[in-house]
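Participant: The structure under discussion is supplied below as structure tokens; questions concerning it will follow.
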């Protein structure tokens, strides 16, 4: 620092040719104008459903890949609609079920959906086990919104219930980490729940073990 | 400005910060290539003389206000890594601000340490957003670090903005050192 004082007057004399402060303010001002002009309102609006839910499972313990906290409890009933308004019922109909809760902004869900769809497209799925999905935790300002477009784009063929703004269906099933799978025996009781990316092989194994 | 304008503004600021950082690095290298490169560096870096710490302070202040806007006004809850980045960024406002007032260039060593730590965390956070499986296998239902609140231009997320800020601060500290050595 002290060694620099000798050169300083000379350099700062030349420096006036580049008005750094002016440039910085000008750039920031231009960017602010550009932001206001070009932001547009890309708000797509919400697309919440109005599912009717009854029942409540023990909350899923956080950071647990597979939990049996709710094993043996009766799975909640959820009657709602898909994105096209078609009715979807998750209820005790005497069949085993695999229900997956999906959040559009979650990268693990974004990976899981095409993996599951590919499995189903190539003749996957387990006989006697119905698959359902719930589009939940929707956030209109979040990534990959809206869920409807995302699942359309992935060619998702599993029936979807659209959750409401309070995530009622998701919460009734215990609010596990996404993607959150709940496996239900044919008598309507929960077998096991898994949180996070679940490989197809595991999925198949769990579904085959359902009674 | 509504949220959409604000986040676009922040994203553009991040890109401008990238441009500034790259410019500084390129000119810094040019300064080693020969007499004309050296003259260019002297001329450009010389224009920053006396401003380096103030500019660093400004970057830290804008990043801090931006992060507070996102959490306190738009109510995006900071995840764990976001907090670690805040821990590195917020003190920079104070130490660079005081150092700029006092013309205390010894601040470089403290500010560089904080900015390097912050940049490393921000970089890791951004990587985790792209490759979530390296961090965890599930998105927590509360505030997952793996999920970006928003992505602009296909790659600018909040930790990317933080990383841009830290790198520009480091670049300005480099200019400060270069000018002090001159």
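The values are calculated or read from the model by the stated rules, or taken from the named source; none is laboratory data. Predicted model, so just to flag it, every value in this text is computed and none were measured. Counting neighbours? That spans all protein chains shown, and the Cβs are built from the backbone with ideal geometry, glycine included.
Rundown of residues vs (1) within 23 Å of residue B:93 (Cβ to Cβ); (2) part of a helix (DSSP H, G or I); (3) in contact (Cβ under 8 Å) with a residue 60 or more places away in the chain, yes/no style:
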site: B:125; (1), (2), (3): yes, yes, no
site: B:129; (1), (2), (3): no, yes, no
site: B:133; (1), (2), (3): no, yes, no
site: B:137; (1), (2), (3): no, no, no
site: B:144; (1), (2), (3): no, no, yes
site: B:159; (1), (2), (3): yes, yes, yes
site: B:174; (1), (2), (3): yes, yes, yes
site: B:179; (1), (2), (3): yes, yes, yes
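Participant: When the residues of segment B:1-29 are filtered to those that are at pLDDT 90 or above and surrounded by fewer than 16 Cβ atoms within 10 Å (Cβ to Cβ), which remaining residue is farthest from the other protein chains (Cβ to nearest Cβ)?
Facilitator: B:29
Participant: Taking only pairs six or more apart or across chains, which ones have beta-carbon atoms under 8 Å, a first residue in segment A:156-173 that is away from chain B (no Cβ under 13 Å), and a second residue that is in a helix (DSSP H, G or I) and surrounded by 21 or more Cβ atoms within 10 Å (Cβ to Cβ)?
Facilitator: A:156/A:113; A:158/A:116; A:160/A:151; A:161/A:169; A:162/A:147
Participant: Quick check, is residue A:197 within 9 Å of chain B (Cβ to nearest Cβ), within 14 Å of the chain's Cα centre (by Cα) and at positive phi?
Facilitator: Here the answer is no, as residue A:197 does not meet what is asked.
Participant: Looking at residue B:87 and the list (1) within 13 Å of another protein chain (Cβ to nearest Cβ); (2) closer than 26 Å to residue B:7 by Cβ; (3) in contact with a helix residue (DSSP H, G or I) (Cβ under 9 Å, 6 or more places away or on another chain), which single condition is not satisfied?
Facilitator: Result: residue B:87 passes all but (1).
Participant: Hey, any hits in segment A:135-148 for a residue that's part of a helix (DSSP H, G or I) and either more than 14 Å from every other protein chain (Cβ to nearest Cβ) or crowded, with 19+ Cβ neighbours inside 10 Å (or both)? Before you say what the answer is, go through the steps one by one.
Facilitator: Restricting attention to segment A:135-148, the residues satisfying the condition of being part of a helix (DSSP H, G or I) are A:147-148.
Going one step further and asking which of them are either more than 14 Å from every other protein chain (Cβ to nearest Cβ) or crowded, with 19+ Cβ neighbours inside 10 Å (or both), we end up with A:147-148.
Scanning segment A:135-148, I find at least one residue that is part of a helix (DSSP H, G or I) and either more than 14 Å from every other protein chain (Cβ to nearest Cβ) or crowded, with 19+ Cβ neighbours inside 10 Å (or both), so the answer is yes.
Participant: Kindly indicate which of B:41, B:49, B:32 is assigned to a loop (DSSP other than H, G, I, E, B), farther than 21 Å from residue B:156 by Cα and more than 7 Å from chain A (Cβ to nearest Cβ).
Facilitator: That would be B:32, the only listed residue that is assigned to a loop (DSSP other than H, G, I, E, B), farther than 21 Å from residue B:156 by Cα and more than 7 Å from chain A (Cβ to nearest Cβ).
Participant: Report yes if residue B:57 is touching a residue at least 12 places away in the same chain (Cβ under 8 Å), within 11 Å of chain A (Cβ to nearest Cβ) and in contact with a helix residue (DSSP H, G or I) (Cβ under 8 Å, 6 or more places away or on another chain), otherwise no.
Facilitator: Criteria not met by residue B:57.
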